[in-house]
1. Looking only at the range 48-58, filter to residues that are touching a strand residue (DSSP E or B) at 6+ places or on another chain (Cβ under 9 Å) and over 12 Å from L36 (Cα atoms); which one of those is modelled with the lowest pLDDT?
2. In the range 35-66, what residues are under 26 Å from R16 (Cα atoms) and in contact with a Ser or Thr (Cβ under 9 Å, 6 or more places away or on another chain)?
3. Quick one: what pairs do we get from the range 9-23, first residue of a type in the set (K, R), second not in a helix (DSSP H, G or I), C-beta under 8 Å, 6+ apart or different chains?
4. Suppose the filter is assigned to a loop (DSSP other than H, G, I, E, B), under 24 Å from D12 (Cβ atoms) and under 10 Å from the mean Cα position of the chain (by Cα); does G86 pass it?
5. Any chance you could count how many residues in the range 17-63 are closer than 21 Å to E5 by Cβ, among the hydroxyl-bearing types (S, T, Y) and assigned to a loop (DSSP other than H, G, I, E, B)?
6. Just for the range 17-32: of the residues that are charged (D, E, K, R) and over 16 Å from the mean Cα position of the chain (by Cα), which one is surrounded by the fewest Cβ atoms within 10 Å (Cβ to Cβ)?
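The values are calculated or read from the model by the stated rules, or taken from the named source; none is laboratory data. The model shown is predicted, which means the values in this text are computed figures rather than measured ones. Every residue, glycine among them, receives a Cβ derived from its backbone with ideal geometry; neighbour counts consider all protein chains shown.
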Amino acid sequence: MKPVELFDICVDAVNRWNVREQITDVPTVMLVIPRLVCPKGDSIRLLGKSGPLGRIATVKETESGFDVVAYFPALPILALLQREVG
């Protein structure tokens with residue numbers, strides 16, 4: 001996924017949260033994160049060992065590793081994109 005696509009998804013989540021379409025404490029996005037090894041625990045970092053922390057919803061084994069579906073808070077992702085991409 002390109003940074004601009006991730007930015008658009010996060011902005012959409014914030015907008016939906018602002019008009020009360022999302023019933024969560026903070027605006028969240030659901031992302032599929034590919035990993036080579038199965039994650040341990042119930043949380044995962046967006047960028048491997050750094051980035052926002054997400055809550056794992058499910059893990060599916062693939063031919064090349066694992067696809068982890070997780071919910072991430074949108075605002076820390078937007079802040080990360082602003083710092084890294086500008």
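1. Among residues in the range 48-58 that are touching a strand residue (DSSP E or B) at 6+ places or on another chain (Cβ under 9 Å) and over 12 Å from L36 (Cα atoms), the one modelled with the lowest pLDDT is G51.
2. Residues satisfying the conditions are L53, G54, R55, I56.
3. R16/Q22; R16/P27
4. Answer is no for this residue.
5. Here the count works out to 1.
6. R20
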